[in-house]
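Below is one structure, written out as structure tokens, with a few remarks after it.
The values are calculated or read from the model by the stated rules, or taken from the named source; none is laboratory data. These numbers were taken from a predicted model, which means no experiment stands behind them. Glycine gets a Cβ as well: all are built from the backbone with ideal geometry, and neighbour counts include every protein chain shown. Only protein heavy atoms, including side chains, enter the accessible area calculation; ligands, DNA and RNA are left aside. Shrake-Rupley method; radii C 1.70, N 1.55, O 1.52, S 1.80 Å.
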Amino acid sequence: MMTDVITRVDESIYIDAMPHAVYTYCLDPRRLFAGDPKAVVESDVKNDGVGTTFSLKMASGPIEEDDVLEYVDVVPDKRIEIAMQPTMHVLRRHGAGHVTAPYSLVHVFEREGGGTQMTLKVQVHHPPLYERMMDRLEGKGPERMVQARLERVKHAVEGMTAAA
């Protein structure tokens, strides 16, 4: 039996900037994924966020991951949801590859004191059993990747607000 949605990662960080500054920074996937192991290879950014599309690529040993993403739900200064469809290729062979279960990257921006609590939830939709088993083999790798991404956003946004 398949589970509808599994929260794979749920990480938060405090950013010393108002929610609007953090949200605005995250509207551009080139900034959101800057320095990430998953590199933005192309993007089409929309001013209000909804409909922004982009592709990510990451190679790890013999596996290459190609992700197609779209900003599907945007609530100004509060929330950005990105739909992600990964495709895995072995030994850098392209073609059909293996299309995995779809993901949602849900970014929430909550005012906390004089700053923002930014939360990123990585949710997997309808993962088959073998993908759930593979997730267990990954260990804490996805959590570390998300936490590092949140740290990069924190440093970038705080650096921008300090310079202003």
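Can you say whether residue 96 is part of a loop (DSSP other than H, G, I, E, B) and surrounded by fewer than 14 Cβ atoms within 10 Å (Cβ to Cβ), as far as the supplied structure shows?
Values: part of a loop (DSSP other than H, G, I, E, B): yes; surrounded by fewer than 14 Cβ atoms within 10 Å (Cβ to Cβ): yes.
The answer is yes for residue 96.
Assess whether residue 57 counts as being of a type in the set (Lys, Arg), in a strand (DSSP E or B) and either out of contact with any helix residue (DSSP H, G or I) (no Cβ under 8 Å at 6 or more places or on another chain) or without any contact (Cβ under 8 Å) to a residue 40 or more places away in the chain (or both). Can you show your working first?
Numbers: of a type in the set (Lys, Arg): yes; in a strand (DSSP E or B): yes; either out of contact with any helix residue (DSSP H, G or I) (no Cβ under 8 Å at 6 or more places or on another chain) or without any contact (Cβ under 8 Å) to a residue 40 or more places away in the chain (or both): yes.
Yes.
Residue-wise test of (1) touching a strand residue (DSSP E or B) at 6+ places or on another chain (Cβ under 8 Å); (2) open to solvent by 60 Å² or more (accessible area, probe 1.4 Å).
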position	(1), (2)
4	yes, yes
11	yes, no
14	yes, yes
18	yes, yes
25	no, no
48	yes, yes
58	yes, no
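Residues in the stretch 28-46 that are part of a strand (DSSP E or B) and surrounded by 16 or more Cβ atoms within 10 Å (Cβ to Cβ): 40 only. Taking (1) closer than 18 Å to residue 156 by Cα; (2) at pLDDT 95 or above; (3) part of a strand (DSSP E or B); (4) under 16 Å from the mean Cα position of the chain (by Cα) in turn, residue 25 satisfies each apart from (3).
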